[in-house]
Amino acid sequence: MDGRVTIAFIGVHGAGKTRTAEILAKLGYIYQPLEVIDEAYGLNPLERQLLFFLSFTKEYLKALRKYRARVVFDSHPLLVIPYTEYWLRKAGYTWNEVSRLTRIMLETVLLLPKIELLVYIKPRNIDTIVKRLYIRRRFNVEEEANPEYIEYIDSRTGFYVKKYSNRLALKTLVIDAEIEAEKRAEIVHKAVIVYPKH
């Protein structure tokens, strides 16, 4: 596999995005995390989502500019949009207010350079995600492991992937979250190898 290859993961928290990206890093990919959960701690929902979106977009663009090899992102700026919908609605913002912000986010995301492969890690069963989150035990586990929250994020992520993935990536791959991490990485790696150069 010669030349530049860019891969980004998308999916609800706990689906296995970071773990799969870390395994790909052992196969020679440059791993670029897009995570600011600790920095966002204590911010109100609007501030938090703006920080996520701006940080994700900045780090995404910086890595695309910096690396001319095989790069794997553990997320994608598009993923901030369903989370923004959920948290701003929960905070009492009207749907019109939320839509104004997420429309700007979406328009920005659609202007980003296309990548080779967008990988959507989709759970068949929400219980899979709940169990993983309790094993991971981050400071916000009670919040993250709410099945209604997980269901909303996964549903809306699926909607955005279906509608816009062809504008974000040359190819989209959907993988079950229940598949073991090493196998997920193998599937992604093979998809990139067989994908024709452009």
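Summary of computed values
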read-out	value
Top-ranked residue of the range 4-29 - restricted to ones that are modelled with pLDDT of 95 or more and part of a strand (DSSP E or B), ranked as nearest to Glu116 (Cα to Cα)	Ile7
Some residue of the range 118-133 being within 23 Å of Gly42 (Cα to Cα) and either outside any helix (DSSP H, G or I) or at pLDDT 95 or above (or both)	no
Test: residue in the range 80-89 that is of a type in the set (Asp, Glu), in contact (Cβ under 8 Å) with a residue 24 or more places away in the chain and assigned to a loop (DSSP other than H, G, I, E, B)	no
Some residue of the range 155-164 being assigned to a helix (DSSP H, G or I), modelled with pLDDT under 85 and among the hydroxyl-bearing types (Ser, Thr, Tyr)	no
Subset tally (residues that are free of Cβ contacts under 8 Å to residues at least 24 places away in the same chain, more than 15 Å from Glu143 (Cβ to Cβ) and in a loop (DSSP other than H, G, I, E, B)) for the range 34-64	1
Test: residue in the range 154-177 that is touching a His at 6+ places or on another chain (Cβ under 8 Å) and without any contact (Cβ under 8 Å) to a residue 60 or more places away in the chain	yes
Members of the range 58-113 found to be under 16 Å from Tyr160 (Cβ atoms) and exposed (fewer than 13 other Cβ atoms within 10 Å of the Cβ), listed by number	Arg103, Ile104, Glu107, Leu110, Leu111
Per-region count, the range 90-114, residues over 20 Å from Asn44 (Cα atoms), in contact (Cβ under 8 Å) with a residue 40 or more places away in the chain and part of a helix (DSSP H, G or I)	3
Test set (1) more than 15 Å from Arg48 (Cβ to Cβ); (2) modelled with pLDDT under 95 - Glu143 fails condition number	(1)
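Matching residues to (1) surrounded by fewer than 19 Cβ atoms within 10 Å (Cβ to Cβ); (2) in contact with an Asp or Glu (Cβ under 8 Å, 6 or more places away or on another chain); (3) among the aliphatic types (A, V, I, L, M):
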site: Tyr120; (1), (2), (3): no, no, no
site: Val130; (1), (2), (3): yes, no, yes
site: Glu151; (1), (2), (3): yes, no, no
site: Asp154; (1), (2), (3): no, no, no
site: Gly158; (1), (2), (3): yes, no, no
site: Lys162; (1), (2), (3): yes, no, no
site: Glu180; (1), (2), (3): yes, no, no
site: Glu186; (1), (2), (3): yes, no, no
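The values are calculated or read from the model by the stated rules, or taken from the named source; none is laboratory data. If you're wondering where the values come from, they're calculated on a predicted model, not measured in any experiment. Every residue, glycine as well, gets a Cβ built from its backbone with ideal geometry; the counts of neighbours run over all protein chains shown.
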